[in-house]
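Below is one structure, written out as structure tokens; the observations come after it.
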Amino acid sequence: MCRECTSGVHTCFVCKKNGPDVKRCIVPLCGKFYHDDCVRKYPPTVFDNKRFRCPLHICVSCHATNPSNPRPTKGRMMRCVRCPVAYHGGETCIAAGSVILTANSIICTNHFSPKKGCRHHAHVNVSWCFVCSRGGSLLCCESCPAAFHPECLNIDTPEGSWYCNDCKAGKKPHYKDIIWVKLGSYRWWPAEICHPRNVPTNIQNMKHQIGEFPVHFFGSNDFFWTHQARVFPYMEGDKGSKDNKIKSLSKAFRKGNAINLNYF
């Protein structure tokens, strides 16, 4: 037996602290232990009185899309080795930027670590409300570019860090998603998230971190690596920035946006 089983003192898979107050997942072959407060931070956790089935047995992408759908628990899972996050095998559910270690093991995008001094690693929020499209005093998500007026969400301004409902549910960008991307001082630009194997070799060889993924900018044929904090989903009817100061960029932007619209 391992040292933890011998001593009876197990380590929480979330906070990595041990103690007598951790509980084991009810799935027989799981073997993961958690503090009650730690496992409750993950929406896919299923509670049964004082027991629970941990998130490693539920696809977080499927659960975020439809929590009542039984499919999230079925099929082969790819599980993060650092935290209780799991996705169905294949490329449909897995978050773009996840590092695949084996057929069943990954390092998920929650472990993205911004590099100090790297400008394109900085978190960027939009300057308008996602509900009413107006500016003003906005409540900004700490994980993605989303921003809202508190009154548009019918909530009071919270203290400390705040996360939008999509991020709290575990929604992440996926390969082939059509998105808006913020790169440097350029406007938000339409692009597609690409799987690393489908981009040119020189792009594949660019240095990047866990959680970053390559995007193809429409209208310019450029590629770059980015991450969740600098992209948000493209919605039908989006037109982007009205800034037309640089004619060549504006022409490329209009071309890219027209290509983008053809996807819908």
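Computed from label points 7 Å out along Cα-Cβ, the spacing between S113 and R71 is 3.6 nm.
Multiplying the sequence separation of N202 and N221 by 0.36 nm and subtracting their Cα-Cα distance, what value in nm do you get?
Stretched fully, the N202-N221 segment lengthens by 5.5 nm.
Judged by the gyration tensor of its Cα atoms, with axes a ≥ b ≥ c, the range 53-107 is prolate; a/c meets the 1.5 cut and a/b is the larger of a/b and b/c.
Using heavy-atom solvent-accessible surface (probe 1.4 Å) with all chains present, what is the largest-first order of R134, R187? Write out the running numbers ahead of the final one.
Details: R134 170, R187 40 Å².
The most accessible residue leads, giving R134, R187.
Return the calculated 222 nm mean residue ellipticity for the chain, to the nearest 500 deg cm²/dmol, obtained by summing -39500 (n - 2.57) across DSSP H runs with n ≥ 4 and dividing by the residue count.
Working: 6 runs with 40 residues, N = 264.
Calculated from helices alone, the mean residue ellipticity at 222 nm is -3500 deg cm²/dmol.
Under the 0.36 nm per residue contour assumption, what length would be gained going from the current alpha-carbon distance of R51 and R82 to full extension? Intermediate results must be reported in sequence, preceding the final value.
On the way: separation 31, 0.36 × 31 = 11.16 nm, distance 2.22 nm.
Difference between extended and current length: 8.9 nm.
Working from label points 7 Å from Cα in the Cα-to-Cβ sense, the A169 to M235 distance is 1.3 nm. A straight line joining the Cα centroids of the range 168-227 and the range 96-150 runs 13 Å. Residues of the range 58-80 falling in the label zone of L29, defined by backbone nitrogen less than 20 Å from a point 7 Å along Cα to beta-carbon, are 58-60, 71-80.
Just reorder D177, D156, D166 by solvent-accessible area, largest first, 1.4 Å probe, all chains present.
On the way: D177 55, D156 135, D166 80 Å².
Largest to smallest exposure gives the sequence D156, D166, D177.
The lysine pair count for the range 1-83, using Cα distances under 19 Å and pairs eight or more places apart or on different chains, is 10.
Using a 1.4 Å probe on the protein heavy atoms, what percent of the accessible area of the chain belongs to carbon and sulfur? Before the final figure, lay out the partial values.
Numbers: 7840 of 15340 Å².
So the carbon and sulfur contribution to the accessible surface is 51 percent.
The alpha carbon gyration tensor of the range 11-119 gives principal lengths a ≥ b ≥ c with a/c of 1.5 or higher and a/b no greater than b/c, which makes the shape oblate.
For the set C83, C132, the ranking by accessible area, highest first and with no ligand, DNA or RNA atoms included, is C132, C83 under a 1.4 Å probe. Among the GluC sites (Glu not before Pro) in the range 131-212, those placed in a DSSP loop whose Cβ has at most 14 other Cβ atoms within 10 Å are E142, E159. Rolling a 1.4 Å probe across all protein chains gives I179 an accessible area of roughly 10 Å².
Label sites at S133 and N104, each approximated as a point 7 angstrom past Cα along Cα to Cβ, lie 4.9 nm apart.
How would the chain be classified by its alpha-carbon gyration tensor: rounded, prolate or oblate, with rounded meaning a/c under 1.5 and the a/b versus b/c comparison settling the rest? Verdict is prolate for the chain. Mean-square fluctuations from a GNM of the chain, with a 10 angstrom spring cutoff on Cα atoms, peak among V231, V60, V131 at V131. Measuring with a 1.4 angstrom probe and ignoring ligands and nucleic acids, Y186 comes out at about 120 Å² accessible.
The values are calculated or read from the model by the stated rules, or taken from the named source; none is laboratory data. These figures come from a predicted structure and were not determined experimentally. Reconstructed Cβ throughout: ideal geometry from the backbone, glycine too, with neighbour counts over all protein chains shown. Only protein heavy atoms, including side chains, enter the accessible area calculation; ligands, DNA and RNA are left aside. Shrake-Rupley method; radii C 1.70, N 1.55, O 1.52, S 1.80 Å.
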